[in-house]
1. If we keep just the residues of the stretch 75-90 that are within 31 Å of the chain's Cα centre (by Cα) and surrounded by 10 or more Cβ atoms within 10 Å (Cβ to Cβ), which is farthest from Lys65 (Cα to Cα)?
2. Can you pull out every residue in the stretch 91-103 that is hydrophobic (A, V, I, L, M, F, W, C) and either surrounded by 10 or more Cβ atoms within 10 Å (Cβ to Cβ) or at pLDDT 95 or above (or both)?
3. Within the stretch 52-74, how many residues are in a loop (DSSP other than H, G, I, E, B) and surrounded by 10 or more Cβ atoms within 10 Å (Cβ to Cβ)?
Amino acid sequence: MKITKRPPTVNGDKSVSGTRGARVSELARPAASGNVDKLQVAASTTQLRELEAELAKLDISDAAKVAAIKRAIDNGTFEVNSVLVADRLIDTAKEAVRKRPRK
C-alpha cells in the first residue's frame, strides 16, 4: 500500500494547513492559495490544552505514603494483598471488554 498524503502541518498561528491528495513533490513547493485547508482552533480548546499542561506538572502523589511503601519494601515487610490485586485486575479486564466496540 502506497501512502501519498502527508499529515497537515501546524503553523505558529494555530492554524493547520495541508493539501489533499498531493504527491511528495507537490508538497515540496508552495501550495496555490486554492489548495490550502485551514482549521482555526477554538479559544476553549487552547485553554483546555493549557490547563492540561498545568495539571500534568502537579504532583498528585502522597509523599509520606510513597516513603512508607519504600521503607517497607527495603525492610522486606511490604505485603501484597493478592485478593485485592486480583479483584482490581478482573475489574479492569471487565471494563476493557465493555468498552470494546461490538462487531
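1. Ile90
2. Ala93
3. Let us first name the residues in the stretch 52-74 that are in a loop (DSSP other than H, G, I, E, B), namely 58-62.
Next, only the ones that are surrounded by 10 or more Cβ atoms within 10 Å (Cβ to Cβ) stay: 62.
Qualifying residue count for the region: 1.
The values are calculated or read from the model by the stated rules, or taken from the named source; none is laboratory data. Computed from a prediction, not measured in an experiment: that's the story for all the values here. Note that we place each Cβ from the backbone using ideal geometry, even for glycine, and neighbour counts take in every protein chain shown.
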